[in-house]
Amino acid sequence: MPFFARLFGIARAAPPTDLERGTRALRAGDVDAAWAAFDGALTAAADDPARARARNKRALVLLARGDRAGAAAEIAAALALDPACVAALVNAGNLELEDGCVDAAIARFEAAIRIDPDYPEAHHNLGVALRRVGRRRDAVRELRRATVLELRRRW
């Protein structure tokens with residue numbers, strides 16, 4: 001047996017969480033499996049931040065199904081449970097940006113960055129929003145920051 005196979009056999013990885021399973025299923029386009037996994041995560045959540053993360057993920061499934069109103073309700077529920085849920089703040093900002101409420105979206109993205117300055121999606125989406133209001137220099141700065149953070153995440 002090769003060395004790394006033996007090594008990985010000794011240090012087995014923990015089974016994936018419901019959130020991880022749901023994320024994989026959503027990436028694979030299996031929205032039903034994703035919903036079931038995220039629903040399981042919501043049921044098993046031990047605290048409000050965990051419930052907020054599960055509701056935010058359920059919102060992504062609803063968006064994939066074309067239910068924008070349902071997704072907005074899930075994001076609102078996530079933020080009611082945990083106003084510091086960065087992913088939910090970013091997704092709320094995305095919905096506002098799509099609705100043309102650019103200033104509100106910028107405020108959401110900036111709030112997310114204040115909570116987690118290393119969240120690349122917040123910087124990227126802030127850059128997009130800033131570009132829409134003509135703040136090109138600020139937009140480029142945010143997009144560059146997003147790129148650096150995303151590269152760090154991958155390594």
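The numbers here are math on the coordinates, done by the rules we state, and not lab data. None of the values given here were measured: they were computed from a predicted structure. Every residue, glycine among them, receives a Cβ derived from its backbone with ideal geometry; neighbour counts consider all protein chains shown.
So here's what we get for this one:
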quantity	calculated
Largest-first principal axis extents, alpha carbons of the chain, Å	59, 35, 28
Within-14-Å neighbourhood charge of L81 [Cβ basis; K, R +1; D, E -1]	+1
Ratio of the Cα radius of gyration of segment 17-82 to 2.2 N^0.38 Å, where N counts its residues	0.99
Near-label residues of segment 91-108 by backbone N, under 15 Å of a point 7 Å along Cα→Cβ of D116	91-94
Helix axis angle, 120-132 relative to the chain longest principal axis, alpha carbon, degrees	20
Dipole of the chain [Lys/Arg +1, Asp/Glu -1 at C-beta], most positive-end residue of A80, A45, C101	C101
Computed P(r) (all Cα pairs; segment 84-155; 10 Å bins; percent)	25, 54, 20, 1
Spin-label model distance (nm) - R141 vs A13, 7 Å beyond Cα toward Cβ	3.8
Gap separating the Cα centres of segment 103-155 and segment 15-73, nearest whole Å	24
Trypsin sites (Lys or Arg not before Pro) restricted to DSSP loop in segment 20-116 with at most 15 other C-beta within 10 Å	R65
Cut-off 19 Å, label 7 Å out along Cα→Cβ of E20, residues of segment 117-155 by amide N	153-155
